[in-house]
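Readers should treat all values here as calculations from the given coordinates under stated rules, not as data from a laboratory. Just so we're clear, the structure is a prediction, and the values are computed from it rather than from any experiment. Virtual Cβ from ideal backbone geometry, glycine too; neighbours counted across all protein chains shown.
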Amino acid sequence: MSGITGQVEGGGAGVNRPAGAGSEAPGHPTWRTYVVIGTILTVITAAEVALFYIPALRGVLVPTLLVLSSTKFALVAMFYMHLRFDSRIFSGVFVVPLALAVLVVIALIILFHVVPHGMGQIGS
Amino acid sequence: MEMESVHHPPTATGLDSRKLGFWTFIGSETLFFGSLISTYMVYKGASVSGPYPHEVLNIPVTSVSTFVLLTSSLAMVLALNAVQQGNRRGALTWLLATAICGLIFLGFQAYEFTAFVHEGLTIKANVFGSSFFVLTGFHGAHVSVGVIWLLTLWILTLRGKIGKADALNVEIAGLYWHFVDIVWIVIFTLVYLIP
């Protein structure tokens with residue numbers, strides 16, 4: 001990532017600068033960085049689809065897809081949504097509900113798919 | 001060139017209230033889609049009658065629509081970059097490209113929904129149908145709102161009402177569009193790719 005972040009003009013995590021405050025919007029990546037991120041996202045998506053069609057990788061398909069998907073998610077949030085360069089308050093306002101949502105998903109999957117008989121027994 | 005809109009009213013955080021408010025909205029949307037994704041995952045594999053996911057999901061078609069949505073996100077940041085530089089022609093081009101990509105994605109979704117209905121999968125056919133259509137339908141509704149928003153910005157830019165000084169308006173629209181994109185990144189993996 002260091003190569004990518006090196007193209008940021010006047011950037012710096014935790015520093016808030018109004019959008020468009022200069023000729024290249026200080027704190028935001030350049031268009032080259034955006035294109036590089038777009039290329040990486042496309043390659044990762046192609047890899048995800050390719051993995052889906054390789055029977056030999058069935059055993060590691062789920063964890064691999066989750067890692068690749070999380071990587072895409074993080075790249076978009078950090079570079080396209082500028083969380084890497086904007087104030088950390090914005091990151092907090094997004095990451096706290098995101099963590100809560102992930103916990104809810106994991107908790108419900110455990111309750112319904114992992115715990116024997118799951119929630120079906122609770123009401124009976 | 002000095003911008004006019006860089007000076008926002010003083011706030012306790014030092015941040016622009018519009019941007020902070022919109023990030024708060026995105027946080028609430030995260031919880032909203034988290035609940036829909038939870039519902040889909042809870043009912044995954046619980047259908048007692050078909051059609052089942054592996055019988056109807058079309059991975060090649062959805063992969064193309066995913067690529068289109070990712071491309072739209074790139075177009076969106078290039079539109080923002082153009083607005084920030086005062087490049088009106090670039091802004092018009094990339095805003096329109098983003099909206100067109102969004103419309104193409106919606107076209108793919110309409111095709112997919114129609115094909116599913118023809119194969120017997122409706123919102124009340126089974127729990128897969130219910131949770132699938134609610135999740136992807138709400139996502140599609142968000143894409144639709146985004147397309148309308150983008151086309152509005154495109155018209156305003158065309159009429160000379162969006163310039164460098166209004167870059168934050170485009171940035172906030174971009175935040176919404178990228179959020180819609182990252183939600184689809186999750187849906188594509190959890191609903192389509194994970195068996």
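Given the options B:Val61, B:Val83, B:Val143, state which has the largest fluctuation in a GNM of chain B using a 10 Å cut-off (strictly under) for Cα springs.
Of the options given, B:Val61 has the highest mean-square fluctuation.
Under a crude label model (7 Å from the Cα following the beta-carbon direction), how far is A:Val115 from B:Glu119 in nanometres?
3.4
Along region A:103-111, what does the Karplus equation 6.51 cos²θ - 1.76 cosθ + 1.60 (θ = phi - 60°) give for ³J(HN,Hα), rounded to whole Hz, x for Gly and Pro?
In residue order, the calculated couplings are 4, 5, 4, 5, 4, 5, 4, 5, 4 Hz.
Which residue fluctuates most in the GNM of chain B (Cα springs below 10 Å): B:Glu171, B:Glu119, B:Glu29?
Among B:Glu171, B:Glu119, B:Glu29, the largest mean-square fluctuation in the Gaussian network model of chain B belongs to B:Glu119.
Can you list the HN-Hα couplings for region B:111-117, worked out from phi with the Karplus curve (6.51, -1.76, 1.60; θ = phi - 60°), rounded to whole Hz and with x for Gly and Pro?
The phi angles translate into 4, 5, 4, 4, 4, 5, 4 Hz.
Take region B:61-195, drop everything but the C-alpha atoms, weight them equally and run the Debye formula without solvent; then report log10 I(q)/I(0) at 0.17, 0.19, 0.21 Å⁻¹ to two decimals.
-0.84, -0.98, -1.14
Can you give me the long-range amide H partners of B:Ile162? Hydrogens built in the peptide plane at 1.01 Å from N, cutoff under 5 Å, separation of 5 or more residues or another chain.
Amide H neighbours of B:Ile162: B:Thr157.
For region B:44-61, just list the computed ³J(HN,Hα) in residue order, Karplus coefficients 6.51, -1.76 and 1.60, θ = phi - 60°, integers in Hz, with x standing in for Gly and Pro.
Residue by residue, region B:44-61 yields 4, x, 9, 5, 9, 9, x, x, 9, x, 5, 7, 10, 5, 10, 5, x, 5 Hz.
Considering every Cα-Cα pair within the protein assembly as shown, what fraction, in whole percent, is farther apart than 26 Å? Provide the component values of the computation, followed by the final result.
Details: 24804 of 50721 pairs.
The answer is 49 percent, as a whole percent.
So for the pair B:Phe138, A:Ala107, with labels modelled 7 Å out along Cα→Cβ, what separation do we get in nm?
Placing both labels 7 Å along Cα→Cβ, they lie 1.7 nm apart.
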